[in-house]
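Working notes for the structure below.
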Amino acid sequence: MSDTKTFLITGVSTGLGRALARAALAAGHRVVGTVRTPADARAFEALAGDAHARILDVTDHDAVDTVVDETERDLGPVDVLVANAGYGHDGLFEESSMDDLRRQFEVNVYGTVAVIKGVLPHMRKRRSGHIIAVTSMGGLITMPGLSFYHGSKFAVEGILETLGKEVAEFGIHVTAVEPGSFRTDWSGRSMIRAPRVIADYDELFEPLRARRIHGSGHQPGDPDKAAAAVLRIVAADQPPTRLLLGTDALQLVQAGRDAFERDMLAWAELSASTDFDDVSRSA
């Protein structure tokens, strides 16, 4: 059996999506990559290898289904989906609007789910496939000023973990890929920043925002190495449910888990006190 696969990757114009598409093409795979403009489509198809661009806004759910169905019909089965398209919203909870929240979820959550729902029936019928979504270490831990972004990524994490349990018997793998800080446009031109209006938060938030702005382009993570890591799990017989990328992700998520465990143990007696008395006695 050939090891060559057909990938569908959303958001291949820049960043991790672009790095992964290049790596998959270099490994001999066919890559269908979604972009937002004709210029980006031409640039993608100019890459060496079996590259096919599709112009797509993942918030247009009918268009998502059309792209998936046309890919399956014209280019063959989608073996690997990488739902990568998304963006970050940088803004304090109180300073960010309901429209900001709506847009963040429309792309990061609903767009991701729409693409997965597009490919899933095809994979289920074939009893094979690998669904990968790029979430973030921010789907497992939080930092001030990113509440809407964290909310979107926490939502995707829960959806993916549940989906993986539902489709395991069909031979379909589901993996959440959780990058730390990588040298992409995430905290640069791709970031949406809410205006500052409440002075009470200046001391907390101004240094954090400045650090994100000035740190763009100097992050520790190498997108090409992240792409190589994703290709390794695609080739694995039993890929992971979650894959953290970067030493910062490992350290911060572990610290978050340790803090959760301390709270859980410190309040375990109170937690257990809420059962009916007969349940407590039988336990």
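For residues that are open to solvent by less than 20 Å² (accessible area, probe 1.4 Å) and in contact with a Ser or Thr (Cβ under 6 Å, 6 or more places away or on another chain), scanning just segment 165-178, find the one that is farthest from residue 78 (Cα to Cα).
So the residue we want is 178.
Anything in segment 143-163 that is under 18 Å from the mean Cα position of the chain (by Cα), open to solvent by 20 Å² or more (accessible area, probe 1.4 Å) and in contact (Cβ under 8 Å) with a residue 60 or more places away in the chain? List them, or say none.
143, 161
Conditions tested, residue by residue: (1) out of contact with any Asp or Glu (no Cβ under 8 Å at 6 or more places or on another chain); (2) surrounded by fewer than 11 Cβ atoms within 10 Å (Cβ to Cβ).
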| position | (1), (2) |
| --- | --- |
| 212 | no, no |
| 218 | yes, yes |
| 228 | yes, no |
| 248 | yes, no |
| 258 | yes, yes |
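Just give me the residues in segment 53-86 being assigned to a loop (DSSP other than H, G, I, E, B) and open to solvent by less than 10 Å² (accessible area, probe 1.4 Å), in sequence order. Break it down stepwise before answering.
Within segment 53-86, the subset assigned to a loop (DSSP other than H, G, I, E, B) is 56-60, 75-79, 84-86.
Hit for segment 53-86 is 78, nothing else.
Yes or no: residue 138 within 30 Å of residue 210 (Cβ to Cβ), small (Gly, Ala, Ser) and open to solvent by less than 10 Å² (accessible area, probe 1.4 Å)?
Values: within 30 Å of residue 210 (Cβ to Cβ): yes; small (Gly, Ala, Ser): yes; open to solvent by less than 10 Å² (accessible area, probe 1.4 Å): yes.
Judged against the criteria, residue 138 is a match.
Only residues in segment 35-52 that are open to solvent by 60 Å² or more (accessible area, probe 1.4 Å) count as the first member; pair them with residues that are at pLDDT below 95, Cβ under 7 angstrom, at least 6 apart or cross-chain, and list the lot.
36/13
On the given criteria, is residue 107 hydrophobic (A, V, I, L, M, F, W, C), modelled with pLDDT of 95 or more and in contact with a helix residue (DSSP H, G or I) (Cβ under 7 Å, 6 or more places away or on another chain)? So that I can check it myself, show each step before the final result.
Working: hydrophobic (A, V, I, L, M, F, W, C): yes; modelled with pLDDT of 95 or more: yes; in contact with a helix residue (DSSP H, G or I) (Cβ under 7 Å, 6 or more places away or on another chain): no.
When the stated conditions are applied, residue 107 does not pass them.
From the list 174, 230, exactly one residue is in contact with a Gly (Cβ under 6 Å, 6 or more places away or on another chain), of a type in the set (Val, Ile, Thr) and more than 16 Å from residue 89 (Cα to Cα). Which is it? Steps first, answer last, please.
Working: 230 fails: in contact with a Gly (Cβ under 6 Å, 6 or more places away or on another chain).
None of the other options fit; the residue is 174.
The values are calculated or read from the model by the stated rules, or taken from the named source; none is laboratory data. Fair warning: this is a prediction, and the values are worked out from it, not measured in the lab. Heads up, the Cβs are rebuilt from the backbone with ideal geometry, glycines too, and the neighbour counts pull from every protein chain shown. The protein model used for the area step is the full one, side chains on, heavy atoms only, and it has no ligands, DNA or RNA in it. Shrake-Rupley method; radii C 1.70, N 1.55, O 1.52, S 1.80 Å.
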